[in-house]
Amino acid sequence: AQSVAQPEDQVNVAEGNPLTVKCTYSVSGNPYLFWYVQYPNRGLQFLLKYITGDNLVKGSYGFEAEFNKSQTSFHLKKPSALVSDSALYFCAVRDRNNYGQNFVFGPGTRLSVLP
Amino acid sequence: ETGVTQTPRHLVMGMTNKKSLKCEQHLGHNAMYWYKQSAKKPLELMFVYNFKEQTENNSVPSRFSPECPNSSHLFLHLHTLQPEDSALYLCASSQGEASGSLRTDTQYFGPGTRLTVL
């Protein structure tokens, strides 16, 4: 079975500082990994995904994430946080060897960027 | 906007009512999804349609009944719901594949319907 953990319910960071939102996963095979963001009263918006190739993936709004197979992690990062980045962030995984499986989402991490 | 619309945005219903949620995507996608988002719980996948065929039903109670008349529209019919069904219901779409695999698809979400069951 596949699963996703986001060990922090809440992350607080000062505007202008770097931010990291953590994600670890568990799949039986190799993963496809995704990050989504949810702003208040909105649906989820796609940020970036890792399918294959370079372990460092760059996405929307200056976000990036690094796939680390040995640590089974896919942490989301941004060099300089903005107040407008405050939102709920979801990591999701799919097992590339399991044909019929769909997304499993993590529980979400609430990011607060303080001015 | 993501190209996925949902109506209504808010719905309050009694346990004996019958109502339907509607989702429409304008992205030319072939796969559509229903998710349930409850407070303090991970996003739960409910149903998946790929090329109008239902491919996933994750042990959802029969009081939820999906319908996908074409690749652009998805409905969720509700009847005799319980208060614990109150949640945000999200629709999503993705490119889809005729082969059936959705593994690398990016999903595009609608804004959701906030459902309250009294």
Residue among A:Leu56, A:Leu44 that alone is more than 26 Å from B:Ser93 (Cβ to Cβ), within 13 Å of the chain's Cα centre (by Cα) and among the hydrophobic types (A, V, I, L, M, F, W, C)
A:Leu56
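Quick test for you: out of A:Ser112, A:Ser28, A:Ser80, pick the one residue that is within 30 Å of B:Tyr49 (Cα to Cα), surrounded by fewer than 21 Cβ atoms within 10 Å (Cβ to Cβ), over 15 Å from the mean Cα position of the chain (by Cα) and in contact (Cβ under 8 Å) with a residue 40 or more places away in the chain.
On the way: A:Ser112 fails: within 30 Å of B:Tyr49 (Cα to Cα); A:Ser80 fails: within 30 Å of B:Tyr49 (Cα to Cα).
Only one candidate passes the filter, namely A:Ser28.
Can you find even one residue in region B:75-87 that is β-branched (Val, Ile, Thr) and touching a residue at least 40 places away in the same chain (Cβ under 8 Å)?
First pass over region B:75-87, keeping only residues β-branched (Val, Ile, Thr): B:80.
Right, trim to touching a residue at least 40 places away in the same chain (Cβ under 8 Å) and you get B:80.
Yes, region B:75-87 contains at least one residue that is β-branched (Val, Ile, Thr) and touching a residue at least 40 places away in the same chain (Cβ under 8 Å).
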Please determine whether any residue of region B:60-76 is assigned to a loop (DSSP other than H, G, I, E, B), within 14 Å of another protein chain (Cβ to nearest Cβ) and at pLDDT below 95.
yes
Answer residue from region A:36-68, given it is more than 11 Å from every other protein chain (Cβ to nearest Cβ) and among the hydrophobic types (A, V, I, L, M, F, W, C) and is surrounded by the most Cβ atoms within 10 Å (Cβ to Cβ) among those:
A:Ala65
Could you tell me whether B:Lys18 is touching a residue at least 12 places away in the same chain (Cβ under 8 Å), more than 12 Å from chain A (Cβ to nearest Cβ) and closer than 27 Å to A:Pro40 by Cβ?
no
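Tell me, yes or no, whether region A:87-109 has at least one residue that is outside any strand (DSSP E or B), within 21 Å of B:Ser94 (Cβ to Cβ) and in contact with an Asp or Glu (Cβ under 7 Å, 6 or more places away or on another chain). Don't jump to the end; show me each part of the working.
Step one: filter region A:87-109 for residues outside any strand (DSSP E or B), giving A:96-103, A:106-108.
Next cut, within 21 Å of B:Ser94 (Cβ to Cβ) only: A:96-103, A:106, A:108.
Filter again for in contact with an Asp or Glu (Cβ under 7 Å, 6 or more places away or on another chain), leaving A:101-102.
The answer is yes, given that some residue of region A:87-109 is outside any strand (DSSP E or B), within 21 Å of B:Ser94 (Cβ to Cβ) and in contact with an Asp or Glu (Cβ under 7 Å, 6 or more places away or on another chain).
The values are calculated or read from the model by the stated rules, or taken from the named source; none is laboratory data. Predicted model only: the values in this text are computed from it and were never measured. FYI the Cβ positions are ideal-geometry reconstructions off the backbone, even for glycines, and counts take in every protein chain you see.
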